[in-house]
Amino acid sequence: MSHKVTVNAYHPDSTVCPPEHKYTTSNRPLTDGCPGRTVFFAICACGSWSSTASATKGYAAEMGRRHRAASR
């Protein structure tokens with residue numbers, strides 16, 4: 001079973017924030033028209049796991065690493 005975890009960012013209106021949207025180190029959007037990212041979700045390719053909402057990409061990614069480690 002494949003355990004590839006993907007972390008997706010979402011705008012305040014619940015639309016996906018595309019990876020090509022650039023941000024400053026303080027998380028301010030640099031892409032014109034981007035309202036910013038408000039939440040991150042990690043989803044596993046196995047289809048049986050996804051994270052709860054996270055305020056940071058790092059935390060969502062860490063939850064994915066823990067899922068993969070627990071599945072070995």
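The values are calculated or read from the model by the stated rules, or taken from the named source; none is laboratory data. Computed from a predicted model, the values in this text were never measured in an experiment. Positions of Cβ are generated from backbone atoms using ideal geometry, with glycine treated the same way; all protein chains shown enter the neighbour counts. These accessible areas exclude ligands, DNA and RNA; they are computed on the full protein's heavy atoms, side chains included. Shrake-Rupley method; radii C 1.70, N 1.55, O 1.52, S 1.80 Å.
Structure notes:
- Between the Cα long axis of helix 57-70 and the first principal axis of the chain there is an angle of about 10°, rounded to the nearest 10.
- Counting only protein heavy atoms and a 1.4 Å probe, the chain has 68 square angstrom of accessible area per residue.
- With helices as the sole contributors, the chain gives -6500 deg cm²/dmol at 222 nm; each DSSP H run of n ≥ 4 counts as -39500 (n - 2.57), and the sum is divided by every residue.
- For the options SER51, SER26, SER14, a Gaussian network treatment of the chain with springs between C-alpha atoms closer than 10 Å singles out SER26 as fluctuating the most.
- Using the Cβ of CYS17 as centre and a radius below 12 Å, the other residues enclosed give a net charge of +1, where K and R count +1 and D and E count -1.
- Accessible carbon and sulfur surface of the chain relative to its total accessible area, %, 1.4 Å: 53 percent
- Placing a pseudo-label 7 Å from each Cα along the Cα-to-Cβ vector at ALA70 and ALA53 gives an inter-label distance of 2.1 nm.
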